[in-house]
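Working notes, structure below.
The values are calculated or read from the model by the stated rules, or taken from the named source; none is laboratory data. Since the model is a prediction, treat every value here as computed from it, not as a measurement. Note that each Cβ is placed from the backbone with ideal geometry, even for glycine, and that neighbours are counted across all protein chains shown. We work out accessible area using only protein heavy atoms, side chains counted, and drop any ligands, DNA or RNA first. Shrake-Rupley method; radii C 1.70, N 1.55, O 1.52, S 1.80 Å.
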Amino acid sequence: RPPEDEEEEVEVGWQEKLFSQFEVDLYLNESACQTPLDWQYHEEIRKLEKAGGRKNSRIFTYTDHDRFTNLEELCQKVTDLDHEEPSYLVERMANVRRRRQDRRPVEASSLKSKIITWEPSEEFIKNNHVINTPVQTMYIMGDLGPYGKLGQREYENVLCTIKVDGNGVITVKPDFTGTKGAYRIELGGEKREVWEYTIENASAQVQPEEEERERRVFRELYGRHRDYLSGLVGSDFEMPLPGTLRLVVNGEIVSAQGYEYDNLYVHFFLELPDQWSSSPFQQLSGVTQTCATKAVGWDNVAYFCYPFTVDMFYTQEDEDSLPQWPVLYFEVLSLDFWQRYRVEGYGSLVLPTSPGVHTLTIPTWRPVGLGPVAEMRRFFIGGSPELEDLTYIRIPSTFKGKRLSRFGFRTETTGSVTFRLCCLQQSRAFLENSALRQRMQSVLDRLGGFSQQSSVYNVLEAFQRARRRMQEARESLPQDLISTSASAL
């Protein structure tokens, strides 16, 4: 240690430039100045020298415009391993700076008319490959060289990194010390020097008037944005007719697993029972793409991820009858190199009656012929016993009897198919019930208190029960007695 105490305290503002000894020696030399920024630093350092030199000694900064700030982002490692080998993605992303990229309006307008860019430029790839959030960066550095030998690049250490993105989020790394104690930097030289430093927030506190003004501005901004979104969406939603339920199913055939042959595809169709209907343009059947399987554990799995959408309407005619829900029938087939197809399995799925997201795995089966000849024909020349009517998987649509016998029908269990169904239900009854609940809630809010709420509910329920009993008793009385009592009154 030198005789005097090696301690320095500096208050640094956002993007405030404090020169190091290395930069002072570099930019004083006019031959080293090439860019306009270098010449600007040259003039500033000359003014500092005339005013008596720089006030800081070991603490200095690199702002967002400096070369160090640009290079530091590319040199940072993903991990702290000594033998780290950067992956292909890291090498590609090293050339993409998530900083102030110049978005050209010409490219944005051309994207609307030209969806695919067949020959993208390198700048176009950089601007569109990543989420481009503008970020400003600032480094607070420390020159931890030996006493009297300041200005050596190998002794420069990053004390604090401050980043501000386009959304106004400020990131300080490492965090303000507060009560956690000082940070330590141990050098690996001959003397093994240890430096300690603290980081404190020296910004002035916001006045309550300014804070309230800022909140008011944000409220107005969010209100305008909400009005803008509501104007885009509108308020004229298409409601189904009274007594009609609308069912929208956004489905996905996720995968098929556990089948004998490769290159699978799924053929499916939806059967609508009585009182169900759909638009004439609605497609109620479909075929997935042919998908090769991959080994996952003990099974061979084919991932289809095939989406489909069905929009149906249910019209209630009899209030006492329960509705029959639509049924999704499907069959799994395989296709080989010689374009021979085989039936791998049949299955059916009743659409869920409750709204929400449902993930269902449906097991399947396939018919088996008598004797080994059918299986040999299936293996060598393709083809296998198959159903003429797919509704035979459950109850055939042509069946009108009371009992259905499948005695003697030989089947074999095969794999399974996974579906993901997002069901949405829409009806005027839901809106009326919601409005009724809201009106009840407003009345109960006026009464106030949970005790009053429970008592009002009890009174209403008792009134409904008494009214039903009175109606039942009136219906059970003879008609002549009712007419006699009415005339007496």
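How far apart, in nanometres, would the label points at Ile170 and Ala182 be if each is projected 7 angstrom from Cα along the Cα-to-Cβ direction?
2.5 nm
Run the quick spin-label model on Glu49 and Asp311: label points 7 Å from Cα toward the beta carbon, then report their separation in nm to one decimal.
For the pair Glu49/Asp311, the computed spacing is 7.7 nm.
Between Gln464 and Thr413, what length comes free when the chain is fully extended (0.36 nm per residue of separation minus the Cα-Cα distance, one decimal in nm)?
Taking Gln464 through Thr413 to full extension adds about 13.0 nm, to one decimal.
If I compute solvent accessible area with a 1.4 Å probe over the protein chains, what percent of it on the stretch 272-331 is carbon and sulfur?
Its accessible area is 50 percent carbon and sulfur atoms.
Are there chymotrypsin sites (Phe, Trp or Tyr not before Pro) in the stretch 326-375 that DSSP marks as loop and that have at most 14 other Cβ atoms within 10 Å, and which are they?
In loop regions of the stretch 326-375 (DSSP not H, G, I, E or B), the sparsely surrounded chymotrypsin sites (Phe, Trp or Tyr not before Pro) are Phe337, Trp338.
For the stretch 126-259, with every protein chain kept in place, what is the accessible area per residue (1.4 Å probe, Å²)?
Per residue, the stretch 126-259 has 69 Å² of solvent-accessible surface.
Compute the Cα gyration tensor for the stretch 320-407, then decide on rounded, prolate or oblate, letting a ≥ b ≥ c be the square roots of its eigenvalues: rounded whenever a/c is under 1.5, prolate when a/b is larger than b/c in the other cases, and oblate in all that remain.
Oblate is the answer for the stretch 320-407, as a/c is 1.5 or above yet b/c matches or exceeds a/b.
Suppose the chain between Ser405 and Glu119 were pulled fully straight at 0.36 nm per residue; how much longer would it get relative to their current alpha carbon spacing?
So the chain would gain 96.5 nm between Ser405 and Glu119.
Taking a ≥ b ≥ c as the square roots of the Cα gyration tensor eigenvalues, with a/c under 1.5 meaning rounded and otherwise prolate when a/b beats b/c, else oblate, which class fits the stretch 214-368?
Verdict is oblate for the stretch 214-368.
Ignoring any ligand, DNA or RNA, what whole percent of the accessible area of the stretch 9-57 comes from carbon and sulfur when the probe is 1.4 angstrom?
49 percent
Considering only the other residues whose Cβ falls under 14 Å of the Cβ of Val357, what net charge follows from Lys and Arg at +1 and Asp and Glu at -1?
0
Enter the accessible area per residue of the stretch 18-73 (Å², integer; probe 1.4 Å; all protein chains in place).
Normalised by residue count, the accessible surface of the stretch 18-73 is 55 Å².
For Glu472 and Glu193 in the same chain, what is the full-extension length gain: residue separation times 0.36 nm, less their Cα-Cα distance, in nm?
90.8 nm
Calculate what fraction, in whole %, of the accessible area of the stretch 128-219 sits on carbon and sulfur atoms when a 1.4 Å probe is rolled over the protein chains.
Taking all protein chains in place, the stretch 128-219 shows 49 percent carbon and sulfur surface.
Where in the stretch 388-417 does the label zone of Trp298 land, with the point 7 angstrom along Cα→C-beta and an amide N cut-off under 19 Å?
The answer is 413-417, whose backbone nitrogens lie closer than 19 Å to the label point.
Could you tell me the calculated FRET efficiency between Leu360 and Arg215, based on Cβ-Cβ distance and R0 = 51 angstrom, to the nearest 0.05?
About 0.60, to the nearest 0.05.
Where only protein heavy atoms count, and the probe is 1.4 Å, what is the accessible area per residue for the stretch 372-434 in Å²?
71 Å²
Can you give the local net charge around Ala473? Use residues other than it whose beta-carbon is closer than 15 angstrom to its beta-carbon, Lys and Arg +1, Asp and Glu -1.
That sum, taken over residues with Cβ under 15 Å, equals +3.
At a Förster radius of 30 Å, what calculated FRET efficiency corresponds to the Cβ-Cβ distance of His65 and Leu232, to the nearest 0.05?
The computed FRET efficiency comes out at 0.15.
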